[in-house]
Amino acid sequence: MRTCPSCQRGLPEIYRYCTDCGQSLDGTTRPTPTNQDNAPEELNLQILYWMVALLVLALLFPPWETPPSQVPEFLGLHFILSPPTPEAIVSRLLVTIELVTIAIAGLYGAFLFRKR
């Protein structure tokens, strides 16, 4: 057993620092971090609000494509109730790619531009 020089607590031999006060047991001083700002970082909420708005727009203006019976072709972004042709269908693959890309970019942007 080792004794802490600061608080006199008995500790096992394998410990390098006291679990009670944090003092080094071998006499050296404990390195202190240079940045001791304990304030938590906050995500940038404005970017998250923009991400939600873009996700809603992506759902309102889905990418349309030709029906399976025709040659695949991208028909553009139209309002969901007014397809470019009567047989046009919403491209599930393009909607998924669009939504995932917007969500990842929004979360990454909110983290990248967080308030420190």
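Every number in this text was worked out from the coordinates using simple rules, so none of it is lab data. All of these numbers come straight from a predicted model, not from anything done at the bench. Neighbour counts are summed over all protein chains in view; Cβ atoms, including those assigned to glycine, are modelled from backbone coordinates with ideal geometry.
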Under a point-charge model restricted to the Cβ atoms of Lys and Arg (+1) and Asp and Glu (-1), what is the dipole moment magnitude of the chain relative to its Cα centre, in debye to the nearest 20? 580
Hey, got a sec? Which chymotrypsin sites (Phe, Trp or Tyr not before Pro) in the range 38-116 land in a DSSP loop and have at most 16 other Cβ atoms within 10 Å? Phe79, Phe113
What nm value, rounded to one decimal, do you get for the distance between Ser69 and Leu99 when each label is placed 7 Å out toward the C-beta? 2.8
Can you give the relative contact order of the chain as a percent, counting alpha carbon pairs under 8 Å and 6+ residues apart? 25
Per residue of the chain, what 222 nm ellipticity follows from adding -39500 (n - 2.57) for every DSSP H run with n ≥ 4, rounded to the nearest 500? -11000 deg cm²/dmol
Ordering 55-62, 86-93 by per-residue average of other C-beta atoms within 10 angstrom, highest first, gives 55-62, 86-93
Simple SL model, points at 7 angstrom along Cα→Cβ for Leu60 and Phe79; separation in nm is 1.0
Can you give me the distance in nm between label points at Ser6 and Tyr49, each placed 7 Å from the Cα along the Cα-to-Cβ direction? 4.5
